[in-house]
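The values are calculated or read from the model by the stated rules, or taken from the named source; none is laboratory data. Not measured: the values here are computed from a predicted model. When we count neighbours, we look across all protein chains shown, and the Cβ atoms used for this are built from the backbone with ideal geometry, even at glycine. Just so you know, the surface numbers come from the protein's heavy atoms only, side chains and all, with ligands and any DNA or RNA stripped out. Shrake-Rupley method; radii C 1.70, N 1.55, O 1.52, S 1.80 Å.
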Amino acid sequence: MEHVPVLLDECIEGLNIKPDGIYVDGTLGRGGHARRIVERLDTGRLIAIDRDVDAIKEAGTLLSAYRDKIDFVHGNFSDLAKVLDDMHIEGVDGMLFDLGVSSPQLDKGERGFSYMHDAPLDMRMDTSGGETAFDAVNHWSEAQLKKVFYEFGEERYAGSIARAIVKKRSEQPIQTTFDLNNIILYAIPAAARREPQHPSKRCFQGLRIAINDELGSIVKLLEGAPDHLNIHGRICVISFHSGEDRLVKTAFAAGAKGCNCPKDFPVCVCGISPQLRIITKKPITPSVQEVEQNPRARSAKLRVAERI
């Protein structure tokens, strides 16, 4: 399947790339955004980060023609500050983060991200360690599973699905993506099984977000990212889930406000100055044409802010 980067032109415009600038692609994936960035660099440099070592290897091959302009880093974008410190880089001119699961992870059925392929339940973006989806569905409590499905997956039948999982695993371990998919189908009403969206999409999304602590990583990233932007440097974030977008919107608004004193204080005593200017008052969403060409872009939202 040909990889189609989401909101590609909008991201490049948002980054406002300088040929001699230093840029970060914190979610390298298949390198679609990265390629467009390095094509606009002359003496500039791109720091390409991904927590999936397979993505680093594949993108390294695809972007081999630009190897002298790219530093590939295996890591989590939440550790951006450490990555830049280790490279002795005080500030960069732009950052791009394309949140959520990447196309290679979905397309490789054996990674266990997709309900469309029968595979062991894994879902880890970084396969070098950590709990898997197998661990979650077979060992987490019913209350934990319900919370994950409801809060991260926005699944309205979270309670009945969690109960069905606990009942089934008492009989035998839940081993594969198809095992989990069948349980979800059994646990929801017949009418829900006939909806256009696949019945398992929300639960698989919730598990993936929880397994990889995606929201926690985003919070950590957004807290520190502005400190590592040069003046007039831009940060672009693409989200696919309302929880992700809410975090980005809130962080950008706080960065643009600065002062965090209580509203009833007559004067500011915290001394915190605004760091950001919000470029996108409302998030940028894909065009009808883009969604037709790339259905995975349907829920994407891009927000852009600039360091002041």
Using the structure shown, list the pairs from Lys220/Lys281; Lys147/Lys220; Lys220/Lys249; Lys108/Lys168 with a Cα-Cα distance above 25 Å, or answer none. Lys108/Lys168
Give the cross-link partners of Lys201 among the aspartates and glutamates, using a straight C-alpha distance below 13 Å as the criterion and excluding same-chain residues fewer than 8 apart. Glu154, Glu155
Rounded percent of accessible protein surface that carbon and sulfur make up, the range 134-180, 1.4 Å probe: 52 percent
Pick from Gly258, Gly129, Gly31 the residue whose mean-square fluctuation is largest in a GNM of the chain, springs joining Cα atoms under 10 Å. Gly129
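Determine the per residue accessible area of the chain with all protein chains present and a 1.4 angstrom probe, expressed in square angstrom. Please report the intermediate quantities before stating the final value.
Details: 15080 Å² over 308 residues.
Value returned for the chain: 49 Å² of accessible area per residue.
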Pick from Val267, Val219, Val73: which is most flexible by mean-square fluctuation in a GNM of the chain where alpha carbon atoms under 10 Å apart are linked? Val267
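Which shape class, rounded, prolate or oblate, goes with the range 174-217 when its Cα gyration tensor gives a ≥ b ≥ c as root eigenvalues, a/c under 1.5 marks rounded, and past that a/b bigger than b/c marks prolate? Please list the in-between numbers first.
Working: a/c = 3.25, a/b = 1.67, b/c = 1.95.
The shape class here is oblate.
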For the chain, what does the helix formula give at 222 nm: sum of -39500 (n - 2.57) over DSSP H segments with n ≥ 4, over the residue count, nearest 500 deg cm²/dmol? -11000 deg cm²/dmol
Alpha-carbon Rg with Dmax, taken over the range 160-255, Å: 18.6, 59
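Classify the range 102-223: rounded, prolate or oblate, from the alpha-carbon gyration tensor (a ≥ b ≥ c, eigenvalue square roots; a/c under 1.5 rounded; otherwise prolate if a/b is larger than b/c)? Walk me through the numbers on the way to the answer.
Numbers: a/c = 1.39, a/b = 1.33, b/c = 1.05.
Cα axes put the range 102-223 in the rounded bin.
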With every protein chain left in place, what is the accessible area of Asp135 in Å² (1.4 Å probe, nearest 10)? 40 Å²
With a 1.4 Å probe and every protein chain left in place, tell me how much accessible area Glu223 has, in Å² to the nearest 10. 140 Å²
Mind listing the Cα extents of the range 244-308 along all three principal axes, in Å, largest one first? 52, 21, 13
Give me the accessible area of Met116, 1.4 Å probe, in Å² rounded to the nearest 10. 120 Å²
In what order, largest first, do Thr250, Thr127, Thr43 sit by accessible area if the probe radius is 1.4 Å? Thr43, Thr250, Thr127
Using a Cα-Cα cut-off of under 23 Å, which lysines could be cross-linked to Lys69, ignoring same-chain neighbours fewer than 8 residues away? Lys18, Lys57, Lys82
Rg and Dmax of the chain, using alpha carbons, in Å: what are they? 20.5, 63
Have a look at the range 203-285 and give its Rg and Dmax from the Cα atoms, expressed in angstrom. 15.0, 48
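Have a look at the DSSP beta bridges in the chain and tell me what percent are antiparallel, nearest 5.
Numbers: 11 of 29 bridges.
Approximately 40 percent, going by the DSSP bridge assignments.
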Using a Gaussian network for the chain with springs between C-alpha atoms less than 10 Å apart, which of these wobbles most: Arg163, Arg30, Arg51? Arg163
Computed magnitude of the charge dipole of the range 216-308 (debye, nearest 20; Cβ of K, R +1, Cβ of D, E -1): 160 debye
What whole number of Å gives the distance from the Cα centroid of the range 1-50 to the Cα centroid of the range 117-152? 31 Å
